[in-house]
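Chemist: Before I ask anything, here is the structure I am working with.
The values are calculated or read from the model by the stated rules, or taken from the named source; none is laboratory data. The model shown is predicted, which means the values in this text are computed figures rather than measured ones. Every residue, glycine among them, receives a Cβ derived from its backbone with ideal geometry; neighbour counts consider all protein chains shown. For the accessible areas, the whole protein counts, side chains as well, though only heavy atoms, and no ligand, DNA or RNA atoms are used. Shrake-Rupley method; radii C 1.70, N 1.55, O 1.52, S 1.80 Å.
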Amino acid sequence: MKAAEAGRWDGPVSGDVSDWVLLADWQAGMDVEGWESATVHWVIQREDLAAWRFDRAFTSVFWNP
């Protein structure tokens, strides 16, 4: 959402959570030194998924050191 608001994103971005799909999530383990227990989520809007527009997927990282 921040990228779209800053004008760095091409096309509309929905603020409705039901328009989004979780593609994958990953819990970092001991294989990522310094980021143990971080969680990464990849999400995409349903319309973009149907159109195979994976270049419009968003990634978020949550890490609580």
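Chemist: Please enumerate the residues belonging to region 16-45 that are more than 15 Å from the chain's Cα centre (by Cα) and of a type in the set (Gly, Ala, Ser).
Modeler: Listed by number, the residues that qualify are ALA28, GLY29, GLY34, SER37.
Chemist: Among the residues of region 30-53, which ones are in contact with a Ser or Thr (Cβ under 8 Å, 6 or more places away or on another chain) and either assigned to a loop (DSSP other than H, G, I, E, B) or not aromatic (Phe, Trp, Tyr) (or both)?
Modeler: Residues satisfying the conditions are VAL40, HIS41, VAL43, GLN45.
Chemist: Right, here's the next one. Return the residues of region 10-65 that are at pLDDT 85 or above, charged (D, E, K, R) and open to solvent by 80 Å² or more (accessible area, probe 1.4 Å); say none if nothing qualifies.
Modeler: Those that are at pLDDT 85 or above, charged (D, E, K, R) and open to solvent by 80 Å² or more (accessible area, probe 1.4 Å): ASP25, ARG46, GLU47, ARG53, ASP55.
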